[in-house]
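Written out below as C-alpha cells is the structure these notes cover.
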Amino acid sequence: MQKEVTNSRPFFTGDGAVLGGWSKSPLFTLNTTGQKAVEKADCHRFFYAESKSCSIFITIEKTAFEFVVKIALRDKELKGTVADCVVKKVFLTNSSIPYLAGNEYEISHKGLNISQYELTDSLNIKCSFQNFAGYGDLFFDLTFRRHQGDSLNLAVPFNQKPKCFYLKSFQPDSTVTGKAELGDKSYDFSNNLGYFHTTLCRLPYRQIYRYVTANCKLDGKNFSLYFGSKLGDDLQGEENCYFTDGNMQKLSKIKFLGSDERIDKIWNFKSGIHAVNITFKPEIYKNSPVFIKCDKTTVVHGSLYGEFALLNSEPVNLTSIPAQMVFTVL
C-alpha cells in the first residue's frame, strides 16, 4: 500500500532511518540527524524547457568527487540536429563540491560558467559556455516559475540497506521565461512550459534509471506526466503520476516494457487490466531516432499515445503528445 504523507515530517528518524512515503507538496524536512548523510549523497538536478523554436535539457550532478554539467540544445528548424556537451570537474574531497541541495550555487570550469538561485516561487538558472559543441558560444538565462498546484515528493528507503535512500521532488508544468543564444541564433522563452526535478540519493549500487515525462496543453488544460522505474522499497510510494491543471492523479506500480539497447523502438507502460495503457514512440528523422547522449544520460524525443482509465476518474486520452524518455545511471 502506498503511503501518502499529509503533514510535515522529518526525512530521517532519530536513529537515522528513512521514513518512506509520498506527498503532493514538499513535506519532508531534512533534519540534523541525517544532514551529514544528505551532504555526502549524490544529487541530480534535471531541467527541461521547450519553446516553439527550441528545447533545452540540462542536468547538474554532484557525485562522490565530481561535479558534472550536461547540456543539450535542439533547434527545431534543424529537425534531427542536437548540440550537446558534458563538462566534469573533479574535486579532491567531497566537501569541496558545491552543495546542490541548497538554494544557490555557482561553478566555473573549462569555459563554462553556470549558476542557480531559488526564490519562494521560482528558480533561475544562468549559463555561459564558450564554443559549445563547435556551434559557437552558448548563453541562456531561464526562470522556472512554480505553479500553484500539486507536486510529486517521494521518500524511499532501502530496507536491506538502512544507510541508503532516495528522495525526489518533481515540479511539473512550470512556466519558463527568458532567452537562449547559440552562435548567431537567438531563442525566446515567453511563458513556455517546462519542468525540473531534484534527486538526492545514496544507492547500494549503480543502476540504470529510466523515466518518461511530458508537459503540454491537453484539451485546453496544462497536462504533465511522470513515470519512473523502480528504486528501493517502492511499497511506500511510486513515482508514477500525471497532473491536470495542477491536480495530481497518483498511480501505483507500472510495468516498463521495452529494450534499453534499442532506443529506436517503442516502450509500453501498463498497469492493471486497462487502468494504464500508454505507448512511447520515438521521433524518427532520416531513419534514426532523435536523441541526446550526454555521458551516461540519453534523452529520446518522441510522443505518447494511449489512455488512462482509472476507477472514479474521467478517462484521459493521449494522442501524439510530445514527450521525452530518459535513460541515465544513478
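The values are calculated or read from the model by the stated rules, or taken from the named source; none is laboratory data. The structure displayed is predicted, hence computed values, not measured ones. Cβ: placed from backbone, ideal geometry, glycine included. Neighbour counts: every protein chain shown. Protein only, heavy atoms only, side chains kept; ligands, DNA and RNA dropped before computing areas. Shrake-Rupley method; radii C 1.70, N 1.55, O 1.52, S 1.80 Å.
One table, with the values for the structure above:
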quantity	calculated
Residue count, segment 240-263 (criterion: in a loop (DSSP other than H, G, I, E, B), open to solvent by less than 60 Å² (accessible area, probe 1.4 Å) and not hydroxyl-bearing (Ser, Thr, Tyr))	7
Count of segment 288-328 residues which are in a strand (DSSP E or B), more than 29 Å from Leu78 (Cα to Cα) and hydrophobic (A, V, I, L, M, F, W, C)	2
Residue match in segment 112-127 (condition: under 30 Å from Val82 (Cβ atoms), free of Cβ contacts under 8 Å to residues at least 60 places away in the same chain and assigned to a loop (DSSP other than H, G, I, E, B))	no
Looking only at segment 132-179, and only at residues there that are within 21 Å of Ser229 (Cα to Cα) and among the polar types (S, T, N, Q), the one that is farthest from the chain's Cα centre (by Cα)	Gln160
Scan of segment 223-233 for residues that are at pLDDT below 90 and either surrounded by 20 or more Cβ atoms within 10 Å (Cβ to Cβ) or touching a helix residue (DSSP H, G or I) at 6+ places or on another chain (Cβ under 9 Å) (or both), ordered by number	Leu231, Gly232
Identity of the residue in segment 264-282, without any contact (Cβ under 8 Å) to a residue 24 or more places away in the chain and in a loop (DSSP other than H, G, I, E, B), that ends up least open to solvent (accessible area, probe 1.4 Å)	Gly272
Hits in segment 128-152 (condition: farther than 27 Å from Phe223 by Cβ, touching a Phe, Trp or Tyr at 6+ places or on another chain (Cβ under 8 Å) and touching a residue at least 24 places away in the same chain (Cβ under 8 Å))	Phe129, Asp137, Leu138, Phe139
Residue in segment 70-125 that is least open to solvent (accessible area, probe 1.4 Å), counting only those that are closer than 29 Å to Pro322 by Cα, modelled with pLDDT of 80 or more and among the basic types (Lys, Arg)	Lys70
Selection count, segment 163-182, where residues are of a type in the set (A, V, I, L, M), open to solvent by 20 Å² or more (accessible area, probe 1.4 Å) and modelled with pLDDT of 95 or more	0
Residue check for Glu314: charged (D, E, K, R) and touching a His at 6+ places or on another chain (Cβ under 9 Å)	no
Unique match (being over 29 Å from Glu61 (Cα atoms), acidic (Asp, Glu) and in contact (Cβ under 8 Å) with a residue 60 or more places away in the chain) among Asp245, Asp219	Asp245
